[in-house]
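Below is one structure, written out as structure tokens; comments come after it.
The values are calculated or read from the model by the stated rules, or taken from the named source; none is laboratory data. This structure is a prediction, so every number in the text was calculated from the model and none was measured. Glycine gets a Cβ as well: all are built from the backbone with ideal geometry, and neighbour counts include every protein chain shown. Only protein heavy atoms, including side chains, enter the accessible area calculation; ligands, DNA and RNA are left aside. Shrake-Rupley method; radii C 1.70, N 1.55, O 1.52, S 1.80 Å.
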Amino acid sequence: MHNDIILYLSLIVIILFLVMLAQRIKVSYPIVLVLGGLVLGFVPGIPQIDINPDLIFLIFLPPLLFEAAWQTSWKDFWKWRRVIGSFAFGIVIFTSCVIAFVSKTIIPGFTLALGFLLGGIISPPDAVAATSILKDVKVSKRLIAIVEGESLLNDASSLIVFRFALAAIITGQFVLTEAVTSFFLVIIMGFAIGIGIALLFYAIHRWMPTTPSIDTILTFVAPYTMYIVAEEFHYSGVIAVVTGGLFLSDRSHSILSHLSRIQGVNVWSTVGFVLNGIVFMLIGLELPVIVEQLGDTSLSDAIKYGLIISLVVIITRIISTLGASVFTVFISRFIRTADSSPGWRAPLAFGWTGMRGVVSLAAALSIPHLINGGQPFPQRNLILFITFVVIMVTLVFQGLTLPWVIKTLNAEEMDYEVTIQEQDVLIRLKLAQEALSLINEQYADVVPRNELLQSLKYKLESDIGFLNHVRESDPEHSGHDYVTQYQSISKEILERKRELLHKFNKKAMFEEEVVRQHLAQLDLEEEKVRQQFLHME
């Protein structure tokens, strides 16, 4: 136990250094972590880490899905629901079918059932890898919304395909009607369980006397409860967590206090970062174990199969995205669609975001070693190796080239005519005008007798004047110099205040608790200065 704690603490420290390296060389951190884990796995003396798939599914998956659902825009999710649904379910099944027939054709001794098992494993793209790369690239909000929405649901459909294929291999039976019925039942009941448990937590947050710490802990308990209950009844834990997370996220401003929201965001961002870092590092560390287990299959043949399957996965996704674009043009003649003419640039960019990740590896590792009274599971080691190759090829190759692909395709913003900077200025102007209107209409008689309200009114009038000036100026340079100067001087003022507070803390007449409260307030002020003009920098 002591050695395990030291090992994982060392792993976290290595992850932190690799993430800092990724930031320095401007490469998405999942790619650096996987490659770092790969190199570390072959270092002599480093203990081999055998990943427990139950650990991935139970410990890592629920909070990562919940955090992703919490950060997802429900408005965008609903707007692109048809595209997201088709890729999360239809394209996953289509990809599984293609992989099943290709693998049966090129790999000796590979049955169609094994092919569907492999297809279910490697069909879902990884959410974290794509979004971590896209956040540093100028790309349309549409692409980000669809990628994030698809990644929330495709794990569920792929794992269902995986379950059915695994059951067919073990029992030797597969009834299509039963499989289709079970597929929809697993999804619908997962949805119902997620909403039901979300309603329970909604009631606790809304009507129980919670504190920010209690609220934060409850947000960690919720995804595990949703996942475990759904899986206990053999329904989709992924769907349960995603639907429950979307439900609670959409109502967070009515059930959580401002302190709960601030604390929750900070805690979740840190926990999510650590969990993602560990799982991507574990992918790289697992290679030596997988290579040792190849058995009778030669390494060169296994690499060849892995590269062919990787190419098929990439091509299938691109064909699917371009095909979906053509179908959208056709179907828009009969029903209303979010975009009747999506073109080919954005779909092609979307097709290149199919990086695979930890869910695929965990699913492959969960294949049992023995079946049917002690018989070895057929081709288990080869399936594991092919899965690893697909993850490495799609994550590293597509991940490194995705920024270049998006830049080359020039998939510009198509849904918002107003830039994000203009939206920011307009919202801030409307908020200031609304606040000033409230003061003038309801508290005009109070302001002359209250210096604090006079100061607030003056600030609002000053903000309105500045924001109107920005709107009327050149969009390329409007207010930028003012903002830079304001932020620089504000930070200098805050640092001077901190120095003074530290001097106060050394004097006997001031309690340290009071000084710390003022220091914490300065931290909030500095973050407000940073966030206030974030889109004008």
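As a ratio to 2.2 N^0.38 Å, the alpha-carbon radius of gyration for region 490-533 is 1.24.
Between the listed residues GLY85, ILE56, CYS97, the Cα displaced farthest toward the positive end of the dipole of region 15-118, a dipole computed from Cβ unit charges relative to the Cα centre, is found at GLY85. Expressed as a whole percent, the accessible area of the chain that falls on carbon and sulfur atoms is 63 (1.4 Å probe). Taking the Cα centre of the chain as reference, the dipole from Cβ charges on Lys and Arg (+1) and Asp and Glu (-1) amounts to some 580 debye. At a probe radius of 1.4 angstrom, the accessible area of the chain per residue rounds to 53 square angstrom.
Here the peptides 225-233, 16-24, 360-368 are ranked by packing, the mean other Cβ count within 10 Å, and the order with the highest first is 360-368, 225-233, 16-24. Here the Kirkwood formula puts the hydrodynamic radius of region 354-474 at 20.8 Å, using every distinct Cα pair. Within the set (1) 87, 66, 47; (2) 99, 62, 49; (3) 68, 54, 51, the number that Cα extents along the principal axes in Å takes when calculated for this structure is listed as (1).
Ranking ILE217, ALA362, GLN532 by Cα position along the charge dipole of the chain, where only Lys, Arg, Asp and Glu carry charges on their C-beta atoms, puts ALA362 farthest toward the positive end. A viscosity of 1.567 mPa s and a temperature of 4 °C, combined with the Kirkwood radius over C-alpha pairs in the Stokes-Einstein formula, give region 170-299 a diffusion coefficient of 74 µm²/s.
Ranking LEU118, SER151, HIS502 by Cα position along the charge dipole of the chain, where only Lys, Arg, Asp and Glu carry charges on their C-beta atoms, puts LEU118 farthest toward the positive end. With Cα atoms defining each centre, region 226-263 and region 48-104 are spaced 17 Å apart in the structure. Evaluated with a Cβ-only charge set (Lys, Arg +1; Asp, Glu -1), region 163-307 carries a dipole of roughly 560 debye about its Cα centre, given to the nearest 20. Helix screen, the chain: DSSP H segments with Cα axial length of 24 Å or more and mean Kyte-Doolittle hydropathy at least 0.5 are 2-25, 141-171, 176-207, 212-232, 258-285, 299-331. Near ILE371, the amide H atoms lying under 5 Å from its own belong to PHE377; only residues 5 or more places off or on other chains count, and H is placed 1.01 Å from N.
From most to least packed by mean Cβ count within 10 Å, the peptides 320-328, 484-492, 82-90 give 82-90, 320-328, 484-492.
When a/c is below 1.5 the answer is rounded, else prolate if a/b is larger than b/c, else oblate, so apply that to region 1-135 with a ≥ b ≥ c taken from the square roots of the Cα gyration tensor eigenvalues.
Note, shape of region 1-135 comes out oblate.
How many angstrom lie between the Cα centre of region 487-537 and the Cα centre of region 118-173? Distance between centres, Cα-based: 44 Å.
Most tightly packed first, judged by the mean number of other beta-carbon atoms within 10 Å of their residues, the peptides 37-44, 240-247, 291-298 read 240-247, 37-44, 291-298.
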